[in-house]
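The next block holds one structure in the form of structure tokens; read it before the comments.
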Amino acid sequence: MSEAAAEPGDAYRDRVRALTPVRWARTTLRLTRYADLASARAARLVTAAGRRCSRLPPMVWDALLPTLLLLNIVTTHAPHELPVAVALTVALALPLLWRRRAPLTVFGTVAAAAFVQWLTDVQLPADVCLLVALYTAAANSGRRGTLVAGAVVEAGALLACLRWATEGAFLTPFVAVTAMVVAAAVLGVNVRTTRAYLAALEERAARLEQQQEQQARLAVAEERTRITREMHDIVTHNLSVMVALTDAAVYAQHRSPDKATTAMLQISETGRQALTDMRRSLGILRTDEPDAERHPLPGIAQLEALADQMCAAGLPTRIEVQGGHTHIPATAQLTVYRLVQEALTNTLKHTPAGTRATVRIRCSTGTVTVDVTDSGPRPPHPGATPSGHGIPGMRERSAAYGGTLRAGPLPGGGWGVHTRLLLDSSGAASA
């Protein structure tokens, strides 16, 4: 009976011993969670307190040290010593309230009060205000002011150690006080240097931001100028050709209906090409559109088609290309095309019927020379040039590749346009 009764008790004790580590683990886990929650709440309280304290005005922080020093004097000195101690403490600590506004003046006031304290032979904890004033002077004045303030405080430290140091123990307190003086001055200098460095960084950031804004405005202005120049060339040329073809179609509609139909078809094709060029210039033509394949970026290879178009408009044009042009960049070829297009458009608008035009392109490794001449009559005045934006736009295009454009009457009659584009690095840099 006793053995049978003891067996259940042993099993119970074994079960309790097996469950004890589990209970300890659960208890430890709970305590850990409570500790984490408590630390998180404490961190939030400290953060909130720091934010509230940072909102306090600087005068409140400056008043903290004088208040503590006065409380120390009141609680540690005898009643008959309070008047002198309180007066000297106020003279040493109270000027610190204005140390941010007038650091050198406050330092001079505190140094004078410390000298009066030395004359009265009274030792006070408020002497620490002299170090605070030295730090403020070093943080807000130049090198000369810092050296003068440091020399004054060091002289005061020497006088204090000579009077109040115990016999045979002058060196130790003097070295300690000197170390505190040097530390206060160095800390102030570091603060001033850091402040100047941050101010320089802010100024540099503001200057860089201003330069970026100026560059953005210049980029926008250049893009507007480019679009305006492209639109002028496209609209002027194509409208001039369409007007000439329309006149020819009206003239031939009764006598030669086939020629009138051909002219109308050319007008339609010229209008579509003008729309495509305008959309490309405005940057809204996608490469996957069919018109992008039908009308590639104009270049020297498209000058023959331009000459055929001018011939159809009534201006017989001959194209001469010397040298290979496959190595010339697409942008330079576009510039050559626009120069020839504008020159032929001016000839079409300002010369009578029967005028002939000749375009000569000479391509080399580093340059492209463009000459466009016509056989039209000379202007009525020797210095007269066609008005408008055509020739100024041609000068801008030529200057983008380091070239100088010459446009004027030729000695033997007619009008000529000459320029040479530079394809090397200097030309690109000038662009």
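The values are calculated or read from the model by the stated rules, or taken from the named source; none is laboratory data. Predicted model, so just to flag it, every value in this text is computed and none were measured. Positions of Cβ are generated from backbone atoms using ideal geometry, with glycine treated the same way; all protein chains shown enter the neighbour counts. We work out accessible area using only protein heavy atoms, side chains counted, and drop any ligands, DNA or RNA first. Shrake-Rupley method; radii C 1.70, N 1.55, O 1.52, S 1.80 Å.
Does Gly393 satisfy the condition of being open to solvent by less than 40 Å² (accessible area, probe 1.4 Å), small (Gly, Ala, Ser), modelled with pLDDT under 85 and under 20 Å from Ser240 (Cβ atoms)?
Values: open to solvent by less than 40 Å² (accessible area, probe 1.4 Å): yes; small (Gly, Ala, Ser): yes; modelled with pLDDT under 85: yes; under 20 Å from Ser240 (Cβ atoms): yes.
Here the answer is yes, as Gly393 does meet what is asked.
Across the stretch 73-103, the qualifying residues are those that are in contact (Cβ under 8 Å) with a residue 24 or more places away in the chain and outside any helix (DSSP H, G or I), and the one among them that is nearest to the chain's Cα centre (by Cα) is Arg100.
Only one entry in Val177, Val122, Val106 is outside any helix (DSSP H, G or I) and open to solvent by less than 60 Å² (accessible area, probe 1.4 Å), namely Val122. Here are some residues: Ala219, Ala169, Ala199, Ala151. Which one is out of contact with any Cys (no Cβ under 6 Å at 6 or more places or on another chain), free of Cβ contacts under 8 Å to residues at least 24 places away in the same chain and not in a helix (DSSP H, G or I)? Being out of contact with any Cys (no Cβ under 6 Å at 6 or more places or on another chain), free of Cβ contacts under 8 Å to residues at least 24 places away in the same chain and not in a helix (DSSP H, G or I) holds for just one of Ala219, Ala169, Ala199, Ala151, which is Ala169. The residues of the stretch 125-151 that are modelled with pLDDT of 85 or more, of a type in the set (A, V, I, L, M, F, W, C) and open to solvent by less than 70 Å² (accessible area, probe 1.4 Å), listed by number, are Val128, Cys129, Leu130, Leu131, Val132, Ala133, Leu134, Ala137, Ala138, Ala139, Ala149, Ala151. For first residues located in the stretch 300-326 and open to solvent by 40 Å² or more (accessible area, probe 1.4 Å), partners that are of a type in the set (D, E, K, R) and lie 6+ apart or on another chain with Cβ distances below 7 Å form the pairs Pro316/Arg356; Glu320/Arg360; Gln322/Arg362; Gly323/Arg362.
Glu289 meets the conditions (1) out of contact with any helix residue (DSSP H, G or I) (no Cβ under 7 Å at 6 or more places or on another chain); (2) modelled with pLDDT of 75 or more; (3) of a type outside the set (S, T, N, Q); (4) over 30 Å from Ser364 (Cβ atoms) in every case but one. The failed one is (2). Of all residues in the stretch 156-174, those that are surrounded by 15 or more Cβ atoms within 10 Å (Cβ to Cβ) and over 17 Å from Pro125 (Cα atoms) total 0.
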